[in-house]
Amino acid sequence: MSELVVSKTKLFISGVNWSMRGNDLKDTFSKYGEIVFARVVLDKETKRSKGFGFVEFSNEEDAQKAKEEMDGQEVWGRAIKVDFAKEDPEKMIRRDSENTEATEEKNDSEDETVVDENVF
């Protein structure tokens with residue numbers, strides 16, 4: 001397994017209210033800049049929130065500002081913890097490759113649209 005790398009644009013948010021979903025995280029953090037994606041992690045069987053999620057910004061400055069201002073704040077009645085996400089470099093490369101291929105497919109086809117539900 002590769003050593004984890006701290007992201008400069010992707011935030012890990014813990015303490016998320018059980019009722020929040022990705023769009024709610026996006027709405028909460030969008031005042032800090034352009035959001036690439038936001039999601040709340042759900043249990044595969046129950047579809048219930050696991051109480052944490054991720055928000056990725058299009059640039060480092062917006063992510064840093066969001067981290068500084070939102071860490072420890074109360075959101076939907078719960079104090080959240082915000083930190084930079086730690087990622088596996090191999091997964092990052094694979095994800096970037098998949099996103100590039102999906103974008104190319106979308107651009108090459110007028111009839112068919114490839115949508116990644118985690119990207120806004």
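Every number in this text was worked out from the coordinates using simple rules, so none of it is lab data. The shown structure was predicted, so the numbers you read here are calculated from the model rather than taken from an experiment. Because the Cβ atoms are built from the backbone with ideal geometry, glycine has one as well, and the counts that use them run over all protein chains shown.
So for Ser7, Ser58, fewest C-beta neighbours within 10 Å to most, what's the order? Before the final figure, lay out the partial values.
Working: Ser7 19, Ser58 12.
Sorted ascending by nearby Cβ count, the order is Ser58, Ser7.
Label point 7 Å out from Asp83 along Cα-to-Cβ: which residues of segment 3-17 have amide N under 11 Å?
Taking a point 7 Å out along Cα→Cβ of Asp83, the residues of segment 3-17 whose backbone N falls under 11 Å are 12-14.
To the nearest µm²/s, what D does Stokes-Einstein give for segment 1-94 at 25 °C and 0.890 mPa s, using the Kirkwood radius over alpha carbon pairs as Rh? List each step's numbers first, then the result.
On the way: Rh = 13.5 Å.
Using the Kirkwood radius from Cα pairs, D works out to 182 µm²/s.
Would you kindly state how much longer the chain becomes between Trp76 and Asn23 on full extension, computed as 0.36 nm times their sequence separation minus their alpha carbon distance, in nm to one decimal? Don't skip to the end; give the middle numbers.
Details: separation 53, 0.36 × 53 = 19.08 nm, distance 1.36 nm.
Using 0.36 nm per residue and subtracting the Cα-Cα distance, I get 17.7 nm.
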